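The values are calculated or read from the model by the stated rules, or taken from the named source; none is laboratory data. These numbers were taken from a predicted model, which means no experiment stands behind them. Here the Cβ positions follow ideal geometry from the backbone for every residue, glycine too, while neighbour counts run over all protein chains shown.
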There are 4 protein chains.
Amino acid sequence: MMKKDTRAEPLNSGGHVMEVINENSEVLVYIDEHRKFLVKPRVKPKLETDRGIINVEDLIGKKYGDFVLTSLNVKAYLLKPSISDYIEKFRRITQVIYPKDLGFIVFKSGISSGSIVVEAGTGSGVLTATLAYYVRPNGKVYTYEVRKEFIEIAKSNIKMAGLEKYVVFKNKNIEEGIDEESVDAVFFDLPMPWRLVEVAYKALKASGTLTIFVPTMEQLLKSINSLRQHKGFVNIEAYDTLLRLYKTVPGEIRPMTWTVAHTGYIVFARKVVI
Amino acid sequence: MMKKDTRAEPLNSGGHVMEVINENSEVLVYIDEHRKFLVKPRVKPKLETDRGIINVEDLIGKKYGDFVLTSLNVKAYLLKPSISDYIEKFRRITQVIYPKDLGFIVFKSGISSGSIVVEAGTGSGVLTATLAYYVRPNGKVYTYEVRKEFIEIAKSNIKMAGLEKYVVFKNKNIEEGIDEESVDAVFFDLPMPWRLVEVAYKALKASGTLTIFVPTMEQLLKSINSLRQHKGFVNIEAYDTLLRLYKTVPGEIRPMTWTVAHTGYIVFARKVVI
Amino acid sequence: MMKKDTRAEPLNSGGHVMEVINENSEVLVYIDEHRKFLVKPRVKPKLETDRGIINVEDLIGKKYGDFVLTSLNVKAYLLKPSISDYIEKFRRITQVIYPKDLGFIVFKSGISSGSIVVEAGTGSGVLTATLAYYVRPNGKVYTYEVRKEFIEIAKSNIKMAGLEKYVVFKNKNIEEGIDEESVDAVFFDLPMPWRLVEVAYKALKASGTLTIFVPTMEQLLKSINSLRQHKGFVNIEAYDTLLRLYKTVPGEIRPMTWTVAHTGYIVFARKVVI
Amino acid sequence: MMKKDTRAEPLNSGGHVMEVINENSEVLVYIDEHRKFLVKPRVKPKLETDRGIINVEDLIGKKYGDFVLTSLNVKAYLLKPSISDYIEKFRRITQVIYPKDLGFIVFKSGISSGSIVVEAGTGSGVLTATLAYYVRPNGKVYTYEVRKEFIEIAKSNIKMAGLEKYVVFKNKNIEEGIDEESVDAVFFDLPMPWRLVEVAYKALKASGTLTIFVPTMEQLLKSINSLRQHKGFVNIEAYDTLLRLYKTVPGEIRPMTWTVAHTGYIVFARKVVI
């Protein structure tokens, strides 16, 4: 279909026919809200759940949105994984940024299709994948990480999400400087961002956005103070977000009892000419 | 620069040189956090503030990130407006969706560059602009609105943000059906979304996402119940978000006293084959 | 000491000497924030913890505020339990109202020393104990509960907190009516409070407060609608509360990652003459 | 009535007859949620509202819970003010602690009828009144304030609420020490509480509670660090609270758009023997 070809990316493409699952397709098998599984026919031939077994190879040739029956005759829907589905299934070796913050970070940083961005550190790749998803198809994410083992995990996560061609992994200490120039946005999710304000300043294009994510108050205060002292940033804003997930069973609709109350504070600032 | 040409969109493009302001450029004049003004040299030749006057025509030829002095010798920085800056300055004739929700809606709906999406109602165009921003350069937003005067306002807002070529405005009652087929996502921000579940179902591609935004609990309950009864949607999730903005003056860092505690509940659901 | 005699209650009394622990004293043994134990020398002679063993009988004769060493030479402080300490240690057989709501409920209901109040259902006795604590020494809490086994648990909890003389337990279905008249406040924490608006109205003194606590949105809507239809209540207010606990380790100060996001919605209304 | 005489306090007393309003009675005239007025027949003979005029002297002889008609024939209910009603109507010359925090502070501090407590600074008297309300009838609040004009305002507020006999006002700088000894609880709502940890320690009885309320993060960090360094406090906890008020009009039930997102952080700690 010609229409499809003009679209940016197969990951989320529309089109007037349902997409067909093949042996390399990632599929989110949805039985109910507590039973969601990310499978790929080639990799995991059998999915065993407490609602029955699914022969994953049988998914080949089915269409996204269709369903199969488990060995216990329970419907299992075949969804095309979205970016938030992928991230939910990422292997995590670090504290990660949560969905409550990811969308807001993307929105306030101003990045979008075509943006060139720098991130450190890579960690499990959750923010990396999110940034990559939104800069497609012509943008790029340069992500710095000192710990090699993290890069391997993040690479594998990002490959699963089909985003590897938008990410350049750098096994470097960002304190030594950012190689890229005139980037649209810089993102820091590392322990001492206040030491890196000048590093970010040099890499950013004028009017570009620096985003800092820090878990503790001490880090937040040091980051804000460091930005204020540098003089090369304006519109310094800080936020934190709270998200409540609701139970959606009719007759029992209410916020879930527990929530993630905090992962971090988010600081945004715009580079200006000093 | 060749590099620039491969980028999706001038709105947010990077590149190794600072961008030059011309008579048609939108400029966010930033004096301090309480004094941010969106100006365009051709439209508004003089900006009068309590920190002095700026001759807006003098901005022509300056670069984004640079500053000018007001008549009272106060620095005024010239920022390139981001999507959130534009939206903050949109003319509003309706209750709008706030930044605390916009990023999250985009993230959870799964849309990105290339997506084809449908929205109703257009209202002031805040969600329209946000969706348009992220589907660029090859995606499209079809937005339905029954009230002609709203479409005019929204058009003008979206034109200001430079997003008009990604939006198709439809002065139609969406209860009569959606013209588009196999769209990636449908967004409802209107009074009775529970009456439109089948309308959305027909327009969505399988595995696509329906997003509903409603202010009241009654609307939330009816929307969830309607989705459950339809049977054609799974992964029905509901949320609300809270955002706290912090004062970022060193020595006085704290959440601002007042916040927007609520604009609406957000429901997401995925279409499946019945 | 004469001064002490004029005070309302030994539970929290001050006085110029430290109070001495005896075999019937409840003691909160505090090792650190994760190791708090409620003990009574007569009941539990040995306290075994992963920071060492404490011979609880040795606490007799010590004063509140003092410390002992565990068998591993770790300091264990002997605190006088406060109402919130007791409640934290209550045996719970039901979903209970949390500290984030208890103080607010007491405050908004207007009760205080001397108030006569009615509550249903008793549940685990958490709200019962809280109300009893604040109506001392001359007030009274009449608490209704249909399930005998809950009354036994609640009695035992309330006895532990030393509040039994302020509570009258009633093994009755409150739908059949409240025996007491002209009470200062009525509290409902049961599944269908909207059926009990007239029952509460009859029992309350004019200008008295009805408080309703419900977990779900459906219950909240029905409760508000029922109060509005009855016409005998004004100043109908509804709330929910969020509480964030912070990590208080210097250098790591931040909200704890997880919090209780929701236990229930709280409705307050004042009885007026129809 | 004998029953009434055994009750702690006329402010909130029950009893089997409705209480009669006299010329010195405080009355909360309730027309609707946006029209609540605190009046006293002797002081304010005429109440003019946009729903009509009320001749306040006509309230004399009416009972709480009853209603009168305004000159425009609108019902105006006569409520007995609760502690939260009074506080809402206090004259405020300082930033005050809000209801979202007051109940929680009382609950966590452990104070109740009979407690002897110390507070600084008095400010507008909001916390003072709240503490006084709960320590009645035999407890006492000693409140320190350096600014004489604040004491006058607070005195007048507290007198309006009928709580003056439970409060001792001290026009002293608490940095010079607390006169009282072995008090149950100390409350600090002033700019530099971290300088007063030893002052509080000396005044508190062992096992007593220190409560600190501070608006900013810097103050919170200094307060926690100071408590940790002192070694005489354990169970150091910090919180902040969020409260959402709901619109309670059937069909429009939802959290109000705006809320007070932050007034301060609250720290609690228990004194132990060093």
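Restricting attention to the range B:249-270, the residues being touching a residue at least 40 places away in the same chain (Cβ under 8 Å) and more than 19 Å from the chain's Cα centre (by Cα) number 2.
All of (1) more than 19 Å from the chain's Cα centre (by Cα); (2) facing chain B (nearest Cβ under 10 Å); (3) of a type outside the set (G, A, S) hold for A:P193 with one exception: (2).
Taken as a whole, the condition of being farther than 23 Å from A:A269 by Cα and not polar (S, T, N, Q) applies to A:K75. Between B:E9, B:E33, the distinction of being at the interface with chain A (Cβ under 9 Å from one of its Cβ atoms) and at pLDDT 80 or above belongs to B:E33 only.
When A:S115 is tested against (1) more than 11 Å from chain B (Cβ to nearest Cβ); (2) over 13 Å from the mean Cα position of the chain (by Cα), just one condition goes unmet, and that condition is (1). Scanning the range D:239-274 for residues that are of a type in the set (K, R) and either more than 7 Å from every other protein chain (Cβ to nearest Cβ) or in contact with a Leu (Cβ under 7 Å, 6 or more places away or on another chain) (or both) yields a total of 3. Looking at the range B:260-274, which of its residues are part of a strand (DSSP E or B) and in contact with a helix residue (DSSP H, G or I) (Cβ under 9 Å, 6 or more places away or on another chain)? Residues satisfying the conditions are B:V260, B:Y265, B:I266, B:V267, B:F268, B:A269, B:K271.
Please work out if D:V234 is assigned by TED's automatic domain parsing to the domain that holds D:R92, closer than 24 Å to D:Y134 by Cα and modelled with pLDDT of 95 or more. Spelling it out, it is not the case that D:V234 is assigned by TED's automatic domain parsing to the domain that holds D:R92, closer than 24 Å to D:Y134 by Cα and modelled with pLDDT of 95 or more. Of all residues in the range D:219-230, those being basic (K, R) and more than 8 Å from every other protein chain (Cβ to nearest Cβ) number 1. Tell me whether the range C:224-240 contains one or more residues that are of a type in the set (A, V, I, L, M) and over 25 Å from D:D85 (Cβ atoms). Checked against the condition, which is being of a type in the set (A, V, I, L, M) and over 25 Å from D:D85 (Cβ atoms), the range C:224-240 yields no hits at all. Tell me yes or no: at least one residue of the range A:159-178 is assigned to a strand (DSSP E or B), in contact (Cβ under 8 Å) with a residue 24 or more places away in the chain and at the interface with another protein chain (Cβ under 9 Å from one of its Cβ atoms). For the range A:159-178, residues assigned to a strand (DSSP E or B), in contact (Cβ under 8 Å) with a residue 24 or more places away in the chain and at the interface with another protein chain (Cβ under 9 Å from one of its Cβ atoms): absent.
When you look at D:S207, is it small (G, A, S) and within 9 Å of chain C (Cβ to nearest Cβ), yes or no? Considered against the rule, which asks whether it is small (G, A, S) and within 9 Å of chain C (Cβ to nearest Cβ), D:S207 comes out as yes.
For every residue, the table says whether it meets (1) assigned by TED's automatic domain parsing to the domain that holds C:K165; (2) more than 29 Å from C:F150 (Cα to Cα); (3) surrounded by 24 or more Cβ atoms within 10 Å (Cβ to Cβ).
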| site | (1), (2), (3) |
| --- | --- |
| C:I53 | no, yes, no |
| C:K63 | no, yes, no |
| C:F90 | yes, no, no |
| C:V96 | yes, no, no |
| C:I111 | yes, no, yes |
| C:S115 | yes, no, yes |
| C:V126 | yes, no, yes |
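Any residue at all in the range D:237-247 that's touching a residue at least 24 places away in the same chain (Cβ under 8 Å), surrounded by fewer than 19 Cβ atoms within 10 Å (Cβ to Cβ), within 23 Å of the chain's Cα centre (by Cα) and assigned to a strand (DSSP E or B)? So far as the range D:237-247 goes, yes, one or more of its residues are touching a residue at least 24 places away in the same chain (Cβ under 8 Å), surrounded by fewer than 19 Cβ atoms within 10 Å (Cβ to Cβ), within 23 Å of the chain's Cα centre (by Cα) and assigned to a strand (DSSP E or B).
Here's the yes/no breakdown for (1) crowded, with 19+ Cβ neighbours inside 10 Å; (2) on the phi > 0 side of the Ramachandran plot; (3) β-branched (V, I, T); (4) in contact with a strand residue (DSSP E or B) (Cβ under 7 Å, 6 or more places away or on another chain):
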site	(1), (2), (3), (4)
C:L190	yes, no, no, yes
C:A200	yes, no, no, yes
C:T211	yes, no, yes, yes
C:N235	yes, yes, no, yes
C:V249	no, no, yes, no
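Could you pull out the residue among D:L78, D:L69, D:L127, D:L47 that is farther than 30 Å from C:V126 by Cα, modelled with pLDDT of 95 or more and in contact with an Asp or Glu (Cβ under 7 Å, 6 or more places away or on another chain)?
The conditions single out D:L78.
Could you please let me know if C:Q219 is touching a Gly at 6+ places or on another chain (Cβ under 9 Å) and either crowded, with 23+ Cβ neighbours inside 10 Å or outside the structural domain of C:V27 (by TED's automatic domain parsing) (or both)?
yes
Given the options A:I21, A:I87, A:I53, A:I93, name the one that is modelled with pLDDT under 95 and either farther than 24 Å from B:E181 by Cα or in contact with a Leu (Cβ under 7 Å, 6 or more places away or on another chain) (or both). Criteria check complete, one pass: A:I93. The residues listed here are C:F233, C:F213; of these, the one that is more than 12 Å from chain A (Cβ to nearest Cβ), aromatic (F, W, Y) and either over 20 Å from C:V186 (Cα atoms) or in contact with a Gly (Cβ under 8 Å, 6 or more places away or on another chain) (or both) is C:F213.
Look at A:S182 and say whether it is more than 25 Å from B:F104 (Cβ to Cβ), in contact with a helix residue (DSSP H, G or I) (Cβ under 9 Å, 6 or more places away or on another chain), buried (at least 18 other Cβ atoms within 10 Å of the Cβ) and modelled with pLDDT of 95 or more. No: the conditions fail for A:S182. Is it the case that D:V273 is crowded, with 23+ Cβ neighbours inside 10 Å and in contact (Cβ under 8 Å) with a residue 24 or more places away in the chain? It is false that D:V273 is crowded, with 23+ Cβ neighbours inside 10 Å and in contact (Cβ under 8 Å) with a residue 24 or more places away in the chain.
Beta carbons closer than 7 Å, at least 6 apart along the sequence or on distinct chains, pair a first residue in the range C:200-229 that is part of a helix (DSSP H, G or I) with a second that is among the polar types (S, T, N, Q) for C:I224/D:T248. A:K140 meets all of the listed conditions (1) in contact with a Ser or Thr (Cβ under 7 Å, 6 or more places away or on another chain); (2) basic (K, R); (3) within 28 Å of B:G162 (Cα to Cα) but one, namely (1).
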